[in-house]
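Step one of this worksheet: look at the structure below.
The values are calculated or read from the model by the stated rules, or taken from the named source; none is laboratory data. Computed from a predicted structure; not experimentally measured. Neighbour counts are summed over all protein chains in view; Cβ atoms, including those assigned to glycine, are modelled from backbone coordinates with ideal geometry.
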Amino acid sequence: MEDTINYIKTNTDNFVPEIGIILGSGLGEFADDYCDFALPYSDIPNFIKSNVKGHKGRLVFAQIAGKKVVMMQGRNHFYEGHSMAEITYPVKVMKKLGVKILILTNAAGAVNESFRPADLMIITDHINFMGTNPLIGPNDETLGERFPDMSEIYKKDLIKLAQKCAEKLCIDIQKGVYFATSGPSYETPAEINMARILGADAVGMSTVPEAIVANYCGLKILGISCISNAASGVSDLKLSHSEVIETTDKAKSRFKSLILEILKEL
Ligand code: HPA
């Protein structure tokens, strides 16, 4: 961790970010618009390369709307074979750099049948169905406690703020529960039925590990999903990663203006 932090500080003129943003599939473009320093993951000691289509793989630092922000342009996933510790390491790095608020974004399938592709959804809560937990293992008491409370991971005040920003921009916004699977296969219709019965509105393969670790470290979290497709069995269409990227592309400009407005208001 010391090597990671030293490298980042040296190469960003000691930039101290207050807000972190993890940009999901197809949403990384936001960081292209605002970039004071960009460090490829492969250059940062102990970071891993991101190689999924639609992900760039760099840490971007920028002052946006008067706020100091660090952005992950592309994230690492559990399904790539990385460990939970590896994929959540950047969250711990953000915490050590000074981040207080973390905005988590992703592309997700709609479990809720009233959602439409390219809708944006504020995450109100999650269900961890990945079959593991990133906090398993020895606990580092300097970061957080052994048994962290999880009763309000996605902070109510941030949800309200995001909703207000969406209203101001005349963006119809959904709210709902994000259900995380390990992937990489998409779900079966029976699994999506199960997720709906359990209370899920959207399904995806990321975000939850980072949210668990960020909450544990004491970061305030806001989560936003871009609904990229109807989940398995919700429509007759077959699912494909290219559809996910194409649809997030359609939502991109709304997504970018919403994030910008949120940063202004934070
Ligand atoms: N399922 C799981 N992950 C996803 C989906 C989906 O339908 N869409 C985008 N990420």
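Among the residues of the range 77-85, none qualifies, meaning not one is farther than 24 Å from TYR186 by Cα and either of a type in the set (A, V, I, L, M, F, W, C) or buried (at least 16 other Cβ atoms within 10 Å of the Cβ) (or both). Counting only residues that are among the polar types (S, T, N, Q) and under 19 Å from the mean Cα position of the chain (by Cα), which one in the range 175-201 is surrounded by the most Cβ atoms within 10 Å (Cβ to Cβ)? Checked the range 175-201; the qualifying residue surrounded by the most Cβ atoms within 10 Å (Cβ to Cβ) is THR181. Does TYR154 satisfy being aromatic (Phe, Trp, Tyr) and within 14 Å of THR105 (Cβ to Cβ)? Judged against the criteria, TYR154 is a match.
Within the range 223-239, being within 11 Å of the ligand (Cβ to nearest atom), in contact (Cβ under 8 Å) with a residue 12 or more places away in the chain and part of a strand (DSSP E or B) holds for SER225, CYS226, ILE227, SER228, ASN229, ALA230, SER232.
Note on the range 235-262: among residues that are of a type in the set (A, V, I, L, M, F, W, C) and surrounded by fewer than 20 Cβ atoms within 10 Å (Cβ to Cβ), the one that is farthest from ASN128 (Cα to Cα) is LEU260.
Residues in the range 58-108 that are away from the ligand (no atom under 16 Å from the Cβ), in contact with a helix residue (DSSP H, G or I) (Cβ under 9 Å, 6 or more places away or on another chain) and at positive phi: ALA65, GLY66. Condition first: more than 23 Å from LYS100 (Cβ to Cβ), hydrophobic (A, V, I, L, M, F, W, C), in contact with a helix residue (DSSP H, G or I) (Cβ under 7 Å, 6 or more places away or on another chain) and modelled with pLDDT under 95. Can you find one or more residues in the range 18-33 that meet it? Checking the range 18-33: not a single residue is more than 23 Å from LYS100 (Cβ to Cβ), hydrophobic (A, V, I, L, M, F, W, C), in contact with a helix residue (DSSP H, G or I) (Cβ under 7 Å, 6 or more places away or on another chain) and modelled with pLDDT under 95.
Scanning the range 240-260 for residues that are over 22 Å from CYS170 (Cβ atoms) and either aromatic (Phe, Trp, Tyr) or assigned to a loop (DSSP other than H, G, I, E, B) (or both) yields a single hit, SER240. Report, by residue number, each residue of the range 177-205 that is assigned to a loop (DSSP other than H, G, I, E, B), near the ligand (Cβ under 8 Å from one of its atoms) and of a type in the set (A, V, I, L, M, F, W, C). Once the filter is applied, which keeps residues that are assigned to a loop (DSSP other than H, G, I, E, B), near the ligand (Cβ under 8 Å from one of its atoms) and of a type in the set (A, V, I, L, M, F, W, C), the range 177-205 yields only MET205. Taken together, THR142, THR88 contain a single residue that is at pLDDT 95 or above, farther than 17 Å from GLU29 by Cβ and among the hydroxyl-bearing types (Ser, Thr, Tyr), which is THR88.
Conditions (1) closer than 22 Å to ILE21 by Cβ; (2) in contact (Cβ under 8 Å) with a residue 12 or more places away in the chain, marked per residue:
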{"residue": "ARG116", "(1), (2)": "no, yes"}
{"residue": "ILE123", "(1), (2)": "yes, yes"}
{"residue": "ASN128", "(1), (2)": "yes, yes"}
{"residue": "CYS170", "(1), (2)": "no, no"}
